[in-house]
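Worksheet for the structure shown next.
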Amino acid sequence: MNMKTVLPLGVALVLGLVAAIMVKNAISHRNTPVANNSNLVAVVVAKADVDAGKQLEKEDLQLAKVPAELAPGHVFSDMNVLVGRVVISPLSKGQTVMESLLAASGSGSGLQALIPPGMRAFTLEVTEFSSVGGMLEPGCRVDLISNINDPKTHENMCKTILQNVKVGAIGHNLTPVHPVEGQPAPPVSNAVTLLLTPKQAQTVQLAAMTSRPWLVLRNGGDKQESQLEPMSLAELRGVPQDNGDSSQPQPVANTPQTNAGPLTPVSTDTDTEQPTTIRHTITIFNGDAVTKQTFTVPVPQAHPDSTVNVETAPIPGAQ
(Lines give C-alpha, C1' and ligand atoms only; values in the text may rest on other atoms or scores of the structure.)
Protein backbone atom coordinates (compact mmCIF):
# COMPACT_ATOMS: atom_id res chain seq x y z
CA MET A 1 0.00 0.00 0.00
CA ASN A 2 1.22 3.44 -0.85
CA MET A 3 2.54 5.44 2.10
CA LYS A 4 0.80 8.52 0.88
CA THR A 5 -2.52 6.70 1.30
CA VAL A 6 -1.83 5.07 4.68
CA LEU A 7 -0.62 8.20 6.48
CA PRO A 8 -3.76 10.29 5.98
CA LEU A 9 -5.91 7.33 7.04
CA GLY A 10 -3.90 6.93 10.29
CA VAL A 11 -4.14 10.60 11.11
CA ALA A 12 -7.88 10.58 10.47
CA LEU A 13 -8.31 7.54 12.72
CA VAL A 14 -6.42 9.15 15.59
CA LEU A 15 -8.35 12.40 15.29
CA GLY A 16 -11.62 10.53 15.24
CA LEU A 17 -10.70 8.63 18.38
CA VAL A 18 -9.76 11.83 20.23
CA ALA A 19 -13.00 13.47 19.15
CA ALA A 20 -15.03 10.51 20.40
CA ILE A 21 -13.36 10.68 23.81
CA MET A 22 -13.98 14.41 24.09
CA VAL A 23 -17.65 14.03 23.19
CA LYS A 24 -18.08 11.27 25.75
CA ASN A 25 -16.51 13.37 28.52
CA ALA A 26 -18.66 16.37 27.61
CA ILE A 27 -21.83 14.31 27.78
CA SER A 28 -20.80 12.76 31.11
CA HIS A 29 -19.91 16.15 32.59
CA ARG A 30 -23.23 17.60 31.47
CA ASN A 31 -25.25 14.76 32.97
CA THR A 32 -23.51 14.73 36.38
CA PRO A 33 -24.84 18.09 37.69
CA VAL A 34 -28.33 17.08 36.73
CA ALA A 35 -28.04 14.03 38.93
CA ASN A 36 -26.54 16.07 41.82
CA ASN A 37 -29.09 18.87 41.60
CA SER A 38 -31.88 16.38 42.07
CA ASN A 39 -30.37 15.48 45.48
CA LEU A 40 -29.91 19.03 46.80
CA VAL A 41 -32.11 20.56 49.51
CA ALA A 42 -32.54 24.18 50.54
CA VAL A 43 -31.54 25.02 54.14
CA VAL A 44 -31.38 28.28 56.09
CA VAL A 45 -27.86 29.44 56.94
CA ALA A 46 -26.44 32.49 58.67
CA LYS A 47 -25.80 35.36 56.30
CA ALA A 48 -23.19 36.82 58.68
CA ASP A 49 -21.79 36.13 62.14
CA VAL A 50 -24.51 36.17 64.82
CA ASP A 51 -23.77 36.56 68.54
CA ALA A 52 -25.39 34.43 71.23
CA GLY A 53 -28.51 35.97 72.73
CA LYS A 54 -29.42 37.85 69.54
CA GLN A 55 -32.94 37.71 68.18
CA LEU A 56 -32.82 36.60 64.55
CA GLU A 57 -34.07 38.87 61.80
CA LYS A 58 -34.62 38.09 58.15
CA GLU A 59 -31.52 40.10 57.26
CA ASP A 60 -29.42 37.65 59.31
CA LEU A 61 -30.46 34.64 57.20
CA GLN A 62 -30.26 33.28 53.69
CA LEU A 63 -31.01 30.05 51.78
CA ALA A 64 -28.32 27.69 50.56
CA LYS A 65 -28.49 24.33 48.77
CA VAL A 66 -26.61 21.38 50.18
CA PRO A 67 -26.75 17.61 49.52
CA ALA A 68 -29.56 16.03 51.50
CA GLU A 69 -27.21 13.62 53.23
CA LEU A 70 -25.14 16.57 54.51
CA ALA A 71 -28.10 18.43 56.05
CA PRO A 72 -27.47 17.92 59.81
CA GLY A 73 -30.15 17.46 62.45
CA HIS A 74 -33.32 19.50 62.45
CA VAL A 75 -32.74 22.16 59.79
CA PHE A 76 -35.07 24.81 58.39
CA SER A 77 -36.02 25.57 54.80
CA ASP A 78 -38.15 28.66 55.53
CA MET A 79 -36.51 31.81 56.88
CA ASN A 80 -39.81 33.25 58.10
CA VAL A 81 -40.23 30.63 60.82
CA LEU A 82 -36.88 31.66 62.32
CA VAL A 83 -37.59 35.39 62.58
CA GLY A 84 -37.81 36.25 66.29
CA ARG A 85 -36.02 33.13 67.53
CA VAL A 86 -32.99 33.66 69.80
CA VAL A 87 -29.56 32.13 69.25
CA ILE A 88 -28.03 30.45 72.31
CA SER A 89 -24.68 29.73 70.62
CA PRO A 90 -22.74 32.02 68.27
CA LEU A 91 -23.35 31.39 64.55
CA SER A 92 -20.64 31.76 61.93
CA LYS A 93 -21.26 33.02 58.42
CA GLY A 94 -22.63 30.20 56.27
CA GLN A 95 -23.39 27.95 59.26
CA THR A 96 -26.63 25.95 59.04
CA VAL A 97 -29.24 27.08 61.57
CA MET A 98 -30.45 24.10 63.61
CA GLU A 99 -33.05 23.78 66.35
CA SER A 100 -30.38 22.84 68.92
CA LEU A 101 -28.75 26.26 68.45
CA LEU A 102 -31.93 28.17 69.30
CA ALA A 103 -33.68 29.02 72.54
CA ALA A 104 -37.26 27.92 73.10
CA SER A 105 -39.91 30.17 71.58
CA GLY A 106 -41.02 32.91 73.97
CA SER A 107 -37.90 32.77 76.13
CA GLY A 108 -36.97 36.36 75.25
CA SER A 109 -33.69 37.74 74.02
CA GLY A 110 -30.40 38.49 75.72
CA LEU A 111 -29.14 36.70 78.82
CA GLN A 112 -32.53 35.37 79.89
CA ALA A 113 -32.63 33.18 76.80
CA LEU A 114 -29.27 31.63 77.73
CA ILE A 115 -30.28 30.54 81.25
CA PRO A 116 -30.98 26.78 81.34
CA PRO A 117 -34.24 25.71 83.00
CA GLY A 118 -33.87 25.48 86.78
CA MET A 119 -30.87 27.82 86.85
CA ARG A 120 -30.54 31.47 87.84
CA ALA A 121 -28.28 34.33 86.74
CA PHE A 122 -26.41 35.88 89.68
CA THR A 123 -24.15 38.91 89.24
CA LEU A 124 -21.18 39.21 91.58
CA GLU A 125 -19.06 42.31 92.09
CA VAL A 126 -15.38 41.51 91.61
CA THR A 127 -12.05 43.26 91.25
CA GLU A 128 -9.27 42.62 88.78
CA PHE A 129 -7.59 40.45 91.41
CA SER A 130 -10.62 38.45 92.55
CA SER A 131 -11.57 37.71 88.92
CA VAL A 132 -8.29 36.07 87.80
CA GLY A 133 -6.69 39.29 86.66
CA GLY A 134 -9.75 40.21 84.59
CA MET A 135 -9.05 37.37 82.14
CA LEU A 136 -12.39 35.61 82.59
CA GLU A 137 -14.61 35.15 79.53
CA PRO A 138 -18.25 34.15 79.13
CA GLY A 139 -18.51 30.37 79.00
CA CYS A 140 -15.51 29.57 81.21
CA ARG A 141 -15.76 27.53 84.42
CA VAL A 142 -14.70 28.73 87.88
CA ASP A 143 -14.63 27.73 91.55
CA LEU A 144 -15.53 30.15 94.35
CA ILE A 145 -13.63 30.44 97.63
CA SER A 146 -14.56 32.61 100.60
CA ASN A 147 -13.30 33.51 104.07
CA ILE A 148 -15.52 32.40 106.95
CA ASN A 149 -15.26 32.32 110.74
CA ASP A 150 -13.91 29.18 112.44
CA PRO A 151 -16.57 28.14 114.99
CA LYS A 152 -13.92 26.69 117.35
CA THR A 153 -11.07 29.20 117.27
CA HIS A 154 -13.08 32.18 115.99
CA GLU A 155 -10.31 32.82 113.48
CA ASN A 156 -10.71 33.29 109.75
CA MET A 157 -10.70 30.16 107.61
CA CYS A 158 -10.81 29.74 103.83
CA LYS A 159 -13.34 27.41 102.22
CA THR A 160 -14.26 26.44 98.66
CA ILE A 161 -18.00 27.10 98.61
CA LEU A 162 -18.81 26.24 94.96
CA GLN A 163 -17.11 24.30 92.18
CA ASN A 164 -17.45 24.09 88.38
CA VAL A 165 -19.69 27.14 87.98
CA LYS A 166 -20.28 28.53 84.48
CA VAL A 167 -19.72 32.21 83.75
CA GLY A 168 -22.71 33.48 81.78
CA ALA A 169 -21.59 37.06 81.12
CA ILE A 170 -18.84 39.57 81.81
CA GLY A 171 -20.37 43.00 82.19
CA HIS A 172 -22.82 43.29 79.27
CA ASN A 173 -20.93 40.83 77.07
CA LEU A 174 -22.53 37.43 76.53
CA THR A 175 -19.71 36.21 74.28
CA PRO A 176 -15.92 36.62 74.47
CA VAL A 177 -14.67 40.02 73.33
CA HIS A 178 -11.26 40.05 71.65
CA PRO A 179 -9.36 43.32 71.19
CA VAL A 180 -9.19 44.68 67.67
CA GLU A 181 -5.70 45.12 66.27
CA GLY A 182 -4.60 48.70 66.52
CA GLN A 183 -7.21 49.59 69.17
CA PRO A 184 -6.89 49.62 72.97
CA ALA A 185 -8.18 46.60 74.87
CA PRO A 186 -11.65 47.03 76.40
CA PRO A 187 -11.67 47.91 80.12
CA VAL A 188 -11.98 45.10 82.64
CA SER A 189 -15.52 44.82 83.98
CA ASN A 190 -16.15 44.50 87.72
CA ALA A 191 -19.38 42.52 87.21
CA VAL A 192 -19.36 38.76 86.59
CA THR A 193 -22.66 36.94 86.05
CA LEU A 194 -22.73 33.30 87.10
CA LEU A 195 -25.28 30.60 86.22
CA LEU A 196 -26.30 29.02 89.54
CA THR A 197 -28.99 26.89 91.07
CA PRO A 198 -31.26 28.74 93.54
CA LYS A 199 -29.40 27.09 96.45
CA GLN A 200 -26.02 28.12 95.04
CA ALA A 201 -27.29 31.69 94.64
CA GLN A 202 -28.14 31.78 98.35
CA THR A 203 -24.67 30.45 99.20
CA VAL A 204 -22.89 33.14 97.18
CA GLN A 205 -25.07 35.92 98.57
CA LEU A 206 -24.37 34.85 102.16
CA ALA A 207 -20.64 34.60 101.48
CA ALA A 208 -20.62 38.06 99.87
CA MET A 209 -22.07 39.58 103.07
CA THR A 210 -19.05 38.57 105.17
CA SER A 211 -16.22 38.77 102.63
CA ARG A 212 -15.51 39.09 98.91
CA PRO A 213 -15.68 35.67 97.20
CA TRP A 214 -12.71 34.98 94.92
CA LEU A 215 -13.08 33.26 91.55
CA VAL A 216 -10.63 30.49 90.66
CA LEU A 217 -10.39 29.61 86.95
CA ARG A 218 -10.40 25.92 86.02
CA ASN A 219 -9.83 23.97 82.82
CA GLY A 220 -12.96 23.90 80.68
CA GLY A 221 -12.76 20.13 80.29
CA ASP A 222 -12.22 19.45 84.01
CA LYS A 223 -15.63 18.49 85.45
CA GLN A 224 -14.35 16.75 88.60
CA GLU A 225 -15.31 18.26 91.95
CA SER A 226 -12.77 17.79 94.75
CA GLN A 227 -13.60 17.04 98.38
CA LEU A 228 -11.81 19.88 100.18
CA GLU A 229 -11.66 20.69 103.89
CA PRO A 230 -11.54 24.36 104.95
CA MET A 231 -8.07 25.79 105.57
CA SER A 232 -7.70 27.46 108.98
CA LEU A 233 -5.06 29.91 110.15
CA ALA A 234 -3.80 27.36 112.66
CA GLU A 235 -3.31 24.80 109.90
CA LEU A 236 -1.62 27.43 107.74
CA ARG A 237 0.81 28.17 110.59
CA GLY A 238 1.41 24.45 111.13
CA VAL A 239 -0.11 24.43 114.62
CA PRO A 240 -1.62 21.05 115.59
CA GLN A 241 -5.38 21.11 115.75
CA ASP A 242 -6.92 20.65 119.22
CA ASN A 243 -10.38 19.26 118.84
CA GLY A 244 -11.03 19.57 122.57
CA ASP A 245 -13.77 17.84 124.51
CA SER A 246 -16.64 17.14 122.18
CA SER A 247 -18.97 16.95 125.19
CA GLN A 248 -18.48 20.63 125.88
CA PRO A 249 -20.74 23.06 124.02
CA GLN A 250 -18.99 24.76 121.14
CA PRO A 251 -19.51 28.42 120.18
CA VAL A 252 -21.80 29.04 117.26
CA ALA A 253 -20.09 29.96 113.97
CA ASN A 254 -20.17 33.60 112.91
CA THR A 255 -21.40 34.72 116.37
CA PRO A 256 -19.99 38.19 117.11
CA GLN A 257 -17.59 38.25 120.06
CA THR A 258 -17.86 40.99 122.62
CA ASN A 259 -15.21 42.40 124.92
CA ALA A 260 -16.74 44.46 127.68
CA GLY A 261 -14.68 47.36 128.98
CA PRO A 262 -14.68 48.76 132.53
CA LEU A 263 -17.73 50.51 133.93
CA THR A 264 -17.32 54.28 134.01
CA PRO A 265 -19.52 56.50 136.21
CA VAL A 266 -21.20 59.21 134.16
CA SER A 267 -23.07 61.21 136.78
CA THR A 268 -23.43 61.14 140.56
CA ASP A 269 -26.01 62.12 143.12
CA THR A 270 -24.73 65.27 144.85
CA ASP A 271 -26.41 64.35 148.11
CA THR A 272 -25.08 60.82 148.44
CA GLU A 273 -22.03 61.09 146.14
CA GLN A 274 -23.17 57.78 144.61
CA PRO A 275 -23.17 57.28 140.80
CA THR A 276 -26.62 57.40 139.24
CA THR A 277 -25.64 56.31 135.67
CA ILE A 278 -22.78 54.24 134.29
CA ARG A 279 -21.31 54.23 130.75
CA HIS A 280 -20.61 50.67 129.50
CA THR A 281 -18.40 50.24 126.38
CA ILE A 282 -18.25 46.91 124.54
CA THR A 283 -16.09 45.84 121.57
CA ILE A 284 -17.75 43.59 118.95
CA PHE A 285 -15.66 41.30 116.70
CA ASN A 286 -17.58 40.05 113.65
CA GLY A 287 -15.15 38.43 111.20
CA ASP A 288 -12.71 41.14 110.12
CA ALA A 289 -14.96 43.95 111.33
CA VAL A 290 -14.34 45.47 114.77
CA THR A 291 -16.86 47.95 116.19
CA LYS A 292 -17.35 49.58 119.58
CA GLN A 293 -20.67 50.53 121.16
CA THR A 294 -21.30 52.54 124.30
CA PHE A 295 -24.37 52.23 126.50
CA THR A 296 -25.43 54.42 129.40
CA VAL A 297 -27.49 52.59 132.03
CA PRO A 298 -28.92 53.77 135.36
CA VAL A 299 -27.47 52.39 138.57
CA PRO A 300 -30.03 50.54 140.67
CA GLN A 301 -30.72 52.66 143.78
CA ALA A 302 -30.85 51.11 147.23
CA HIS A 303 -34.31 51.22 148.80
CA PRO A 304 -34.49 52.70 152.32
CA ASP A 305 -35.26 50.28 155.10
CA SER A 306 -38.99 50.03 155.54
CA THR A 307 -40.47 50.73 158.99
CA VAL A 308 -43.23 48.56 160.35
CA ASN A 309 -45.55 50.11 162.96
CA VAL A 310 -47.06 47.60 165.32
CA GLU A 311 -50.04 48.62 167.37
CA THR A 312 -50.75 46.64 170.49
CA ALA A 313 -54.22 46.13 171.82
CA PRO A 314 -54.95 45.79 175.55
CA ILE A 315 -55.40 42.28 176.75
CA PRO A 316 -58.73 41.81 178.37
CA GLY A 317 -58.39 41.39 182.12
CA ALA A 318 -54.88 42.77 182.22
CA GLN A 319 -54.16 45.54 184.80
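The values are calculated or read from the model by the stated rules, or taken from the named source; none is laboratory data. Quick caveat, the model's predicted, so the values are computed rather than measured. Here Cβ is always computed from backbone atoms with ideal geometry, including for glycine, and neighbour counts include all displayed protein chains.
Observations on the structure shown:
- Number of residues in the range 37-62 that are exposed (fewer than 11 other Cβ atoms within 10 Å of the Cβ) and not in a loop (DSSP other than H, G, I, E, B): the value is 2.
- The residues of the range 63-122 that are under 23 Å from Asn173 (Cα atoms), without any contact (Cβ under 8 Å) to a residue 60 or more places away in the chain and not in a loop (DSSP other than H, G, I, E, B), listed by number, are Val86, Val87, Leu91, Ser100, Leu101, Leu102, Gln112.
- Answer residue from the range 148-157, given it is more than 9 Å from Leu233 (Cβ to Cβ) and surrounded by 18 or more Cβ atoms within 10 Å (Cβ to Cβ) and is nearest to the chain's Cα centre (by Cα) among those: Ile148
- Taken together, the criteria place Leu194 among residues that are touching a Phe, Trp or Tyr at 6+ places or on another chain (Cβ under 6 Å), in the same structural domain as Cys158 (by TED's automatic domain parsing) and within 16 Å of Cys140 (Cα to Cα).
- Selection status of Val165, in a strand (DSSP E or B) and either touching a helix residue (DSSP H, G or I) at 6+ places or on another chain (Cβ under 9 Å) or surrounded by fewer than 17 Cβ atoms within 10 Å (Cβ to Cβ) (or both): yes
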